[in-house]
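Written below as structure tokens is the structure these notes are about.
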Amino acid sequence: GPAPAGTGPLLGFRSVAVSTEDRVTVPQGYVAQALAAWGEPVGLPGRLPPFRPDASNTAAEQEAQLGMHHDGMHFFALEGGRGGLLAMNHEYTDDGLLHPDGFRTWNAEKVRKSQAAHGVSVIEVRQQPDGGWQVVRPSRWARRITARTPMAFGGPAAGHALLRTAADPAGLRPLGTLNNCGSGRTPWGTYLTCEENFAFYFRGPDRPGGHEARWGIGPTGGWFRWHEHDERFDARRHPNEPNRFGWVVEIDPFDPASTPVKRTALGRAAHEGATVAVTRDGRAVVYSGEDARFEYLYKFVSRDRIRPGGRRGNAGLLDHGTLYAARFGADGSGRWLPLVHGQGPLTAANGFADQGEVLVKTRQASDRLGATRMDRPEWIAVAADGWVYCTLTNNSARGSVGQPPADAANPRAGNAMGHILRWQEAGDFDGLRFRWNHFVLAGDPANPRAEARGNVRGDAFACPDGLWADARGVLWIQTDMSAAVMGRGEFARLGHNAMLAADPRTGEVRRFLVGPPGCEVTGATMAPDGRTMFVNIQHPGENPSERGGTGRSTWPDHRPGGRPRSATVVIRRLDGGLIGT
Ligand code: FEO
Ligand code: CA
Ligand code: CA
Ligand code: CA
């Protein structure tokens with residue numbers, strides 16, 4: 001295993017019990033405060049529309065309010081004070097909750113409101129004298145980025161024929177970002193937001209071509225029904241529009257007038273997140289998994305070193321470099337396979353005209369290279385000891401008829417519980433080889449089915465998704481059991497979704513936070529002093545049987561009959577101490 005990163009116990013709190021209450025539970029001695037719920041004004045100067053609990057805010061008002069379904073998040077400290085900026089993703093919308101009458105009377109205004117509730121918020125937060133935190137409104141940094149915000153392409157695929165549309169014949173100016181799931185930050189002070197399952201947004205052709213079929217663009221798309229009133233999302237009319245999603249988007253949170261850039265050099269994928277490591281000689285390495293069954297794990301190594309000058313000095317750093325897909329060997333070894341046009345099978349004869357096409361068709365290129373098909377890789381964290389950890393949330397199709405069997409890296413057929421892999425690069429983060437093992441196989445050890453039991457040391461959990469390493473070396477694991485399985489069968493004893501703290505040296509896992517019914521727990525970040533932690537509660541009250549189900553939750557407002565809302569939770573210790581000790 002990895003070498004110890006320090007001495008002394010990392011985890012000092014008393015673990016919280018499994019819970020099925022409609023609240024956020026944290027350890028004794030801690031306090032949790034809900035902040036920045038869906039619909040609150042984001043803080044745009046002169047535009048502070050209050051949230052209407054019956055969801056009757058207009059699309060224009062939603063454009064000035066926090067979006068729905070909070071997900072990945074990062075705290076950017078402001079100089080000279082106790083405050084900072086929280087940049088956070090709004091992954092998707094539950095249109096049953098977003099409008100007073102849900103999907104009934106579906107119209108263009110509802111589509112625009114759904115698009116406005118997607119994307120990213122930047123809010124200013126400040127600590128109050130009593131220790132609690134508030135959103136600063138108005139704020140000069142406040143910003144909403146939505147599914148309609150003008151953006152740019154950077155990198156080798158910018159301007160590529162596959163990115164050109166009637167509205168953007170140069171293929172350089174995409175509009176908006178969506179399904180922003182995990183996230184990352186760069187050492188030069190920018191936020192990375194990732195476009196995950198974009199295929200659901202497009203109504204594709206009844207008989208998709210090979211490229212479309214490989215990406216799930218077909219007749220069953222259009223789940224969000226945007227295409228009914230916004231033809232951009234009808235891929236039958238605009239076949240290249242889906243190619244303009246699936247990218248990692250770089251945002252300068254300190255400049256609300258800046259244009260977000262889709263960094264094509266990092267490849268097109270159902271990107272869960274983007275985690276940056278730095279080589280000893282100062283180059284950026286970006287790890288990213290693709291949260292889809294049997295898809296791939298990637299890393300990008302920048303050509304150039306990180307330069308001084310912060311955000312402006314590194315504006316194009318992620319546009320030049322090499323993308324690799326991972327192949328896990330059965331013997332604990334691994335290789336990074338370069339996705340470089342002209343190398344190996346990535347030739348014009350095989351359908352890759354140039355590097356731009358390799359990047360738009362990252363999945364097809366990885367198929368050709370023989371990368372390992374994974375159990376839905378989600379967040380990635382680089383621990384203090386230099387090992388890289390990746391959650392694989394679950395893949396119940398593993399080993400079923402016509403699907404890939406269990407393999408060394410994805411060792412369980414019918415993998416309902418998920419696992420966490422880790423690897424150490426040979427030499428440095430740009431290494432082309434690595435060695436790997438399993439940090440933990442998730443599951444309830446009391447389960448009768450061997451494949452569902454796992455080997456958790458400490459508090460049991462399932463379906464790891466969010467993963468974040470704090471400055472002390474604690475690995476924070478956030479779970480996303482689907483509402484359809486939560487509390488039932490093999491999940492019966494695991495309660496609601498939770499956040500757990502793990503000690504990478506010992507493997508001990510301790511439950512730290514439990515969320516309200518139906519939610520997932522996601523997006524971990526801390527203020528630099530390590531005394532305030534921010535996490536997101538996404539889709540409280542989600543009901544597996546219907547969209548718009550208020551389920552059994554009215555969190556966080558607890559207004560009788562009210563709508564549950566995604567929100568950020570601020571966690572502090574009553575004695576002001578370091579979180580987790
Ligand atoms: Fe959006 Fe992979 O969870
Ligand atoms: Ca996720
Ligand atoms: Ca998930
Ligand atoms: Ca979710």
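Remarks
- Charged side chains reduced to their Cβ positions (Lys and Arg at +1, Asp and Glu at -1) give region 281-347 a dipole of some 300 debye around its Cα centre.
- GluC sites (Glu not before Pro) within region 39-97: DSSP coil, no more than 10 neighbouring Cβ in 10 Å: 79
- Cα centroid separation, region 43-60 to region 112-184 (Å): 18 Å
- Projected-area average for the chain over all orientations - Cα convex hull basis, square nanometres: 24.6 nm²
- Loop-located trypsin sites (Lys or Arg not before Pro) in region 457-517 (DSSP state not H, G, I, E or B) with no more than 15 neighbouring Cβ atoms inside 10 Å: 488, 493.
- When the charge dipole of the chain is built from unit charges on Cβ atoms (+1 for Lys and Arg, -1 for Asp and Glu) and taken about the Cα centre, the candidate among 338, 487, 267 whose Cα reaches farthest toward its positive end is 338.
- Residues 194, 463 arranged by fewest to most Cβ contacts within 10 Å: 463, 194
- Farthest toward the positive end of the dipole of the chain, out of 507, 279, 408, is the Cα of 279, where the dipole comes from beta carbon charges about the Cα centre.
- Counted residue by residue at 0.36 nm each, then reduced by the alpha carbon distance between them, the extension gain from residue 558 to residue 450 reaches 34.9 nm.
- Two-decimal ratio, region 41-145, of alpha-carbon radius of gyration to 2.2 N^0.38 Å: 1.14
- Cβ-Cβ FRET estimate between residue 407 and residue 82, R0 fixed at 45 Å, reported to 0.05: 0.40
- Point-charge dipole on Cβ atoms (K/R +1, D/E -1) for the chain, about Cα centre, debye to 20: 380 debye
- Between the listed residues 577, 155, 135, the Cα displaced farthest toward the positive end of the dipole of the chain, a dipole computed from Cβ unit charges relative to the Cα centre, is found at 155.
- Once you reduce region 304-325 and region 448-511 to the center of their Cα atoms, the two points are 35 Å from each other.
- Under 17 Å of direct C-alpha separation, and excluding same-chain neighbours fewer than eight residues apart, residue 113 reaches these aspartates and glutamates: 40, 54, 61, 63, 91, 94, 95, 101, 228, 230, 231.
- Of the GluC sites (Glu not before Pro) found in region 490-581, those that fall in a DSSP loop while having at most 12 other beta-carbon atoms within 10 Å are 546.
- Pair-distance profile P(r), taking every C-alpha pair of region 387-458, with 5 angstrom steps and integer %: 4, 16, 23, 21, 15, 11, 7, 2, 0
- Cα-based equivalent ellipsoid, region 136-274: semi-axes from gyration tensor eigenvalues, Å: 26, 16, 14
- Cα shape, region 378-524, gyration tensor, a/c 1.5 rule: oblate
- Residue exposure sequence - 141, 247 - by fewest surrounding Cβ within 10 Å: 141, 247
Only the coordinates and a few stated rules stand behind these numbers; no lab work does. Quick caveat: nothing in here was measured; it's all calculated off a predicted structure. Cβ: placed from backbone, ideal geometry, glycine included. Neighbour counts: every protein chain shown.
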